[in-house]
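The values are calculated or read from the model by the stated rules, or taken from the named source; none is laboratory data. Being a predicted model, the structure only gives us computed values, none of them experimental. For neighbour counting, all protein chains shown are included, and Cβ atoms are generated from backbone atoms with ideal geometry for every residue, glycine included.
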Amino acid sequence: MSVAPGTGRIRLLLADDEHLIRGALEALLGLEPDIELVASADNGLTAVELAQSTTPDICLLDLEMPGADGLEAAARILATVNTRVIIVTRHARPGVLRRALASKVSGFVPKSTPAQELAVVIRAVAAGKRYIDPEIAAAALTAERSPLTDRELEALRVSRSTTSVAQIAQQLHLAPGTVRNYLSSAMMKLNAVSRHEAAEKAWQQGWI
């Protein structure tokens with residue numbers, strides 16, 4: 001990975017579905033002499049496509065986006081593009097940081113971070129360093145670990161946007177009976193009375 005030839009500038013892709021925040025970041029980061037905005041997206045899937053076509057040095061991704069959330073987009077980008085990813089989030093749910101680190105994300109910061117401080121983080125990550133907001137890191141260290149298996153987490157994740165077991169099974173390429181078993185097991189482990197309650201509990205912890 002290298003900065004733009006002959007300029008020494010950090011090539012940045014920015015993705016956030018909140019237009020006001022994205023516009024403000026574009027304007028404020030655009031004032032930094034060593035940062036060049038090369039692409040902007042309002043959803044995770046577009047961010048992946050743009051990263052693949054523009055090969056930025058840094059991808060700054062919002063955690064909560066339609067299409068694919070920041071961590072899903074990060075995993076797809078890092079699998080195909082020589083770049084580094086910083087996740088920004090409004091809600092720093094405890095388990096999310098563990099998922100981010102597992103996805104090889106290089107930075108994790110709250111949306112409340114001022115633009116000038118964010119520029120410092122971008123420079124540090126572009127130089128090969130990793131930056132995790134101290135408060136988010138402290139919360140993650142004391143957070144409960146997920147008792148759920150990967151398959152149970154997948155079933156709950158899909159159930160947040162899907163109404164029936166048959167649709168969950170179709171998306172996961174599993175038999176409906178197998179999906180019911182995963183959901184029932186997750187409900188029991190989380191002491192939930194429905195799959196929707198189990199999915200909400202898992203989401204609040206940042207496990208999905």
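Scan the range 129-150 and give yes if some residue there is under 19 Å from Gly95 (Cβ atoms) and in contact with a Ser or Thr (Cβ under 7 Å, 6 or more places away or on another chain), otherwise no.
Looking for residues that are under 19 Å from Gly95 (Cβ atoms) and in contact with a Ser or Thr (Cβ under 7 Å, 6 or more places away or on another chain), one finds at least one in the range 129-150, hence yes.
Consider Ile77 carefully, then state whether it is closer than 23 Å to Ala124 by Cα and touching a residue at least 60 places away in the same chain (Cβ under 8 Å).
Taking the combined requirement at face value, the residue does not satisfy it.
Restricting attention to the range 51-59, does a residue exist that is more than 13 Å from the chain's Cα centre (by Cα) and at positive phi?
Within the range 51-59, one or more residues are more than 13 Å from the chain's Cα centre (by Cα) and at positive phi.
I want to confirm something. Restricting to the range 90-107 and keeping residues that are at pLDDT below 90 and of a type in the set (A, V, I, L, M, F, W, C), which single residue is nearest to Glu18 (Cα to Cα)?
Ala92
Is it true that Arg99 is touching a residue at least 40 places away in the same chain (Cβ under 8 Å), assigned by TED's automatic domain parsing to the domain that holds Pro33 and within 16 Å of the chain's Cα centre (by Cα)?
Considered against the rule, which asks whether it is touching a residue at least 40 places away in the same chain (Cβ under 8 Å), assigned by TED's automatic domain parsing to the domain that holds Pro33 and within 16 Å of the chain's Cα centre (by Cα), Arg99 comes out as yes.
Please give the helices (runs of 4 or more DSSP H) falling wholly within the range 129-208 in which 2 or more residues are out of contact with any strand residue (DSSP E or B) (no Cβ under 8 Å at 6 or more places or on another chain) and closer than 30 Å to Asp57 by Cα.
Passing ranges, in order: 134-142.
Right, Ala115: small (Gly, Ala, Ser), in contact (Cβ under 8 Å) with a residue 60 or more places away in the chain, assigned by TED's automatic domain parsing to the domain that holds Ile86 and touching a Leu at 6+ places or on another chain (Cβ under 9 Å) or not?
yes
Looking for something touching a helix residue (DSSP H, G or I) at 6+ places or on another chain (Cβ under 8 Å), closer than 30 Å to Leu20 by Cβ and not assigned by TED's automatic domain parsing to the domain that holds Ile21 - is there at least one such residue anywhere in the range 118-130?
Looking through the range 118-130, none of the residues is touching a helix residue (DSSP H, G or I) at 6+ places or on another chain (Cβ under 8 Å), closer than 30 Å to Leu20 by Cβ and not assigned by TED's automatic domain parsing to the domain that holds Ile21.
Which residue is farthest from Lys111 (Cα to Cα), if the candidates are limited to the range 153-174 and must be over 19 Å from the mean Cα position of the chain (by Cα) and either at pLDDT below 85 or assigned by TED's automatic domain parsing to the domain that holds Leu118 (or both)?
Thr163
Could you count how many residues in the range 11-68 are under 25 Å from His91 (Cα atoms) and acidic (Asp, Glu)?
Here the count works out to 7.
Keeping to the range 188-202, report how many residues are more than 14 Å from Val165 (Cα to Cα) and crowded, with 20+ Cβ neighbours inside 10 Å.
Count: 3.
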